[in-house]
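Visitor: Let me begin by handing over the structure; questions about it come next.
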Amino acid sequence: MNPRCKICEAATRHFGQQLVLMRHLAEYRQCEACGYVFIVEPHWLEEAYSTAIAALDTGIVTRNLWLADATSALLGLSLRHVRRSLDYGGGSGLLVRLMRDRGHDFHWHDAYSPNLLAGGFESDAGATYDMLTAFELVEHLDEPVATIDAMHALAPVLVVSTELLPAGIRGVDDWWYFAPESGQHIGFFTPRSLAILAERLGLTLSSNLRNLHVLAPRPVSEGLLRVLRKPSRARWLARAGIRRSLAHQDADVLQRRLRSHGAGLAKTAQDTGQAPRDVL
């Protein structure tokens with residue numbers, strides 16, 4: 001029996017086959033109703049995530065700089081009520097550090113990647129946020145509905161970046177974003193499939209119809225989202241949302257934590273008769 005769509009559960013049709021990770025033959029299916037394309041049973045994901053950040057992702061720094069600017073612009077112009085945010089699938093922590101350097105209280109979460117650049121600002125268990133960013137994440141999801149439901153439980157506003165399936169695409173060889181060499185991109189959205197997700201959550205989809213999308217209780221300006229597609233314009237508009245940097249404040253917070261930890265180790269050493277380095 002052919003699998004149903006992972007977004008709307010409608011019937012699907014064969015969309016093509018491709019070698020993933022240069023050795024696994026993958027079948028792609030497309031929903032006949034919403035257009036969502038997905039890989040059937042991507043059994044190689046553990047292998048694909050042996051390193052969380054694919055070597056092929058040479059645009060990771062440029063993309064994060066653009067997304068930090070675009071997010072700053074949204075916070076300054078359309079989402080002014082937001083105070084605490086979570087970067088879901090935050091990777092190395094680059095986006096979190098960039099946003100904190102722009103004065104926004106961002107926190108980090110990622111199930112696969114180590115937090116290299118935003119240590120000390122991980123998400124807290126049970127915490128909720130005003131906004132959640134999920135940048136270059138949803139195309140990685142084997143169970144997109146369940147994961148996006150979990151994301152929405154953490155925040156009422158979701159800002160998502162993913163490339164939308166181009167209109168008129170005929171097969172799996174026609175688009176660079178399939179990226180079969182990495183094995184990590186397994187689900188590909190259309191405007192309709194994103195809108196269905198938003199409707200399920202009681203949210204409204206606003207999109208630039210290419211790569212930046214907001215799911216929120218109220219719409220944001222799609223004209224603004226279209227302008228933000230260009231990094232030079234995003235950089236200029238980011239000024240509306242840039243606040244006093246949290247870098248020095250963050251250093252003070254981390255220093256106090258380290259000193260408190262050190263005091264705790266010294267007390268443990270005193271109680272046990274061990275030198276602190278032996279306790280460590």
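No lab work stands behind these numbers, since they all come straight from the coordinates. Note that the structure is predicted; figures quoted are calculated from it, not measured. For neighbour counting, all protein chains shown are included, and Cβ atoms are generated from backbone atoms with ideal geometry for every residue, glycine included.
Visitor: Suppose every Lys and Arg Cβ carries +1 and every Asp and Glu Cβ carries -1, with no other charges. What dipole size does segment 1-142 come out with about its Cα centre, to the nearest 20 debye? Write out the running numbers ahead of the final one.
Guide: Numbers: 12 positive and 18 negative charges, 70 e Å.
Here segment 1-142 has a charge dipole of around 340 debye.
Visitor: What does DSSP give for the chain in terms of the percent of beta bridges that are antiparallel, rounded to the nearest 5?
Guide: Working: 21 of 35 bridges.
Given both bridge residues lie in the chain, the antiparallel proportion sits at roughly 60 percent.
Visitor: Now for a different question. Considering the dipole of segment 1-108 built from charges on the beta carbon (Lys and Arg +1, Asp and Glu -1) around the Cα centre, which of Leu74, Gln17, Ile39 is farthest to its positive end?
Guide: Among Leu74, Gln17, Ile39, the one farthest towards the positive end of the dipole of segment 1-108 is Leu74.
Visitor: To make sure I understand, if each residue's beta carbon is the centre and we count other beta carbons within 10 Å, what order do Leu77, Leu225 fall in, fewest to most?
Guide: Leu77, Leu225
Visitor: Out of Phe106, His185, Val160, whose Cα points farthest toward the positive end of the dipole of the chain (charges: +1 Lys, Arg; -1 Asp, Glu; placed on Cβ)?
Guide: Checking the options against the dipole of the chain, the answer is Phe106.
Visitor: Place +1 on the Cβ of every Lys and Arg and -1 on the Cβ of every Asp and Glu in segment 176-260, take the dipole about the Cα centre, and give the residue among Asn211, Leu258, Ala198 whose Cα lies farthest towards its positive end.
Guide: Result: Leu258.
Visitor: Please list, in chain and number order, the residues 5+ apart from Glu27 or on another chain whose amide H is under 5 Å from its amide H, with Hs placed from the backbone.
Guide: Val40
Visitor: Just report the Cα centroid separation between segment 1-38 and segment 68-110, whole Å.
Guide: Each part reduced to its Cα centre gives a spacing of 33 Å.
Visitor: Turning to a different aspect of this structure: Let me spell out the model: positive unit charges on the Cβ of Lys and Arg, negative unit charges on the Cβ of Asp and Glu, origin at the Cα centre of segment 64-211. What dipole size does that give, in debye rounded to 20?
Guide: That gives a dipole near 540 debye.
Visitor: Here is a follow-up. Peptides 27-34, 119-126, 158-165: what's the order by average Cβ count within 10 Å, highest mean first?
Guide: Going from most to least packed, we get 158-165, 27-34, 119-126.
Visitor: Please compute the alpha carbon radius of gyration of the chain, then divide it by the globular-protein estimate 2.2 N^0.38 Å. Two decimals is fine.
Guide: 1.12
Visitor: Rank the residues Phe189, Phe15 as a footprinting-exposure proxy: fewest other Cβ atoms within 10 Å of their Cβ go first.
Guide: On the way: Phe189 26, Phe15 19.
Result, fewest neighbours first: Phe15, Phe189.
Visitor: Would you please classify the overall shape of segment 71-168 from the alpha carbon gyration tensor, given that a ≥ b ≥ c denote the square roots of the eigenvalues, rounded means a/c under 1.5, and beyond that prolate means a/b larger than b/c while oblate covers the rest? Numbers along the way, then the final one.
Guide: Numbers: a/c = 1.44, a/b = 1.22, b/c = 1.19.
Rounded is the answer for segment 71-168, as its axis ratio a/c remains below 1.5.
Visitor: Of the peptides 192-200, 102-110, how do they stack up when ordered by the mean number of other Cβ atoms within 10 Å, highest first?
Guide: Working: 192-200: 19.9, 102-110: 21.7.
The packing order, highest mean first, is 102-110, 192-200.
Visitor: Treat every Asp and Glu Cβ in the chain as -1 and every Lys and Arg Cβ as +1, leave all other atoms uncharged, and give the resulting dipole magnitude about the Cα centre to the nearest 20 debye.
Guide: 1300
Visitor: Now for a different question. Once the Cα atoms of segment 8-91 are picked out, what are the Rg and Dmax in Å?
Guide: In Å, with Rg to one decimal and Dmax whole: 18.1, 48.
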